[in-house]
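Report on the following structure.
The values are calculated or read from the model by the stated rules, or taken from the named source; none is laboratory data. Predicted model, so just to flag it, every value in this text is computed and none were measured. Methodologically, a virtual Cβ is constructed for each residue, glycine included, from the backbone with ideal geometry; neighbour enumeration extends over all protein chains shown. Please note that ligands, DNA and RNA were not included when accessible areas were found on the heavy atoms of the full protein model with its side chains. Shrake-Rupley method; radii C 1.70, N 1.55, O 1.52, S 1.80 Å.
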Amino acid sequence: MKFIILLCFLLIVQYALTFIQMRYYRKSMDEIVRAYKGKEGYYFFSGMERRKFRPGAIAMLVVDNNYIIQECYVVNGFSVLSKFKELGKYKGQHTGAVLDTLGSSQTNNKGKSKRLPAVNIALSKATENALLSISKKSISLV
């Protein structure tokens, strides 16, 4: 009986922490989007990597029509206390170049048993989404 009560308590705690983390994500996303509200040609993308027993990551990007990254923020870790940090090294770079850099680090690690960091995978997903989405918007049927 104590075991069932403990499991219920853990589920409630997990729900509460997830709720707090989602609120923080929305607040951070709203701050980034607010800075570009009303400006034409800027798009927001995010990528997420979830892992069961290792830290996951979330990446948020603002990309312009020319596929240039204007803003890049990531958060990784287990804790709800983890905060988004700006990655300046990707700011001003073409999304294709960033995806290529992240992809080449993946091929370099192929022979090793170690998996890629969750941040790299989340950034790859976000940049891939940016490339695909912006290119679809740029195609016109004339």
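Multiplying the residue separation of PHE44 and LYS2 by 0.36 nm and removing their Cα-Cα distance gives an extension gain of 10.5 nm.
When the Gaussian network model of the chain links Cα atoms closer than 10 Å, the mean-square fluctuations of TYR24, TYR15, TYR73 top out at TYR15. The dipole here belongs to the range 1-108: it is taken about the Cα centre, uses +1 on the Cβ of Lys and Arg and -1 on the Cβ of Asp and Glu, and is about 520 debye. Once the Cα atoms are used to define both axes, helix 95-108 deviates from the longest principal axis of the chain by about 60 degrees.
Overall shape: prolate for the range 9-96, with the ratio a/c of the largest to smallest alpha carbon gyration tensor axis at 1.5 or above and a/b above b/c.
Its DSSP H runs of at least 4 residues, each contributing -39,500 (n - 2.57), put the calculated 222 nm mean residue ellipticity of the chain at -17500 deg cm²/dmol, to the nearest 500. For the range 15-57, rounded, prolate or oblate, judged on the Cα gyration tensor with a ≥ b ≥ c (square roots of eigenvalues), a/c < 1.5 rounded, else prolate if a/b > b/c? Oblate. Between LEU11, LEU81, LEU116, the Gaussian network model of the chain with springs among Cα atoms under 10 angstrom shows the greatest mean-square fluctuation at LEU11. Between LYS137 and ILE20, the modelled labels are 3.5 nm apart [label points 7 Å from Cα along Cα→Cβ].
What is the helix-to-structure angle for 118-138, meaning the angle in degrees between its Cα long axis and the longest Cα principal axis of the chain, kept from 0 to 90 and rounded to the nearest 10? On a 0 to 90 degree scale, this one is about 40. Label-to-label distance for ASN66 and LEU116 is 2.7 nm, based on points extended 7 Å past Cα in the beta-carbon direction. Comparing mean-square fluctuations of LYS85, LYS27, LYS52 from a GNM of the chain with C-alpha springs under 10 Å, the top value falls on LYS52. For LYS125, the aspartates and glutamates whose Cα falls under 14 Å of its own Cα, not counting residues fewer than eight places away in the same chain, are GLU49, ASP100. Residue pairs exceeding 19 angstrom between C-alpha atoms, taken from LYS27/LYS85; LYS2/LYS52; LYS27/LYS83; LYS89/LYS136: LYS2/LYS52; LYS89/LYS136.
To put it simply, the accessible area of the chain at a 1.4 Å probe is 60 percent carbon and sulfur. In the context of the full set of protein chains, the chain has a per residue accessible area of 71 Å² (1.4 Å probe).
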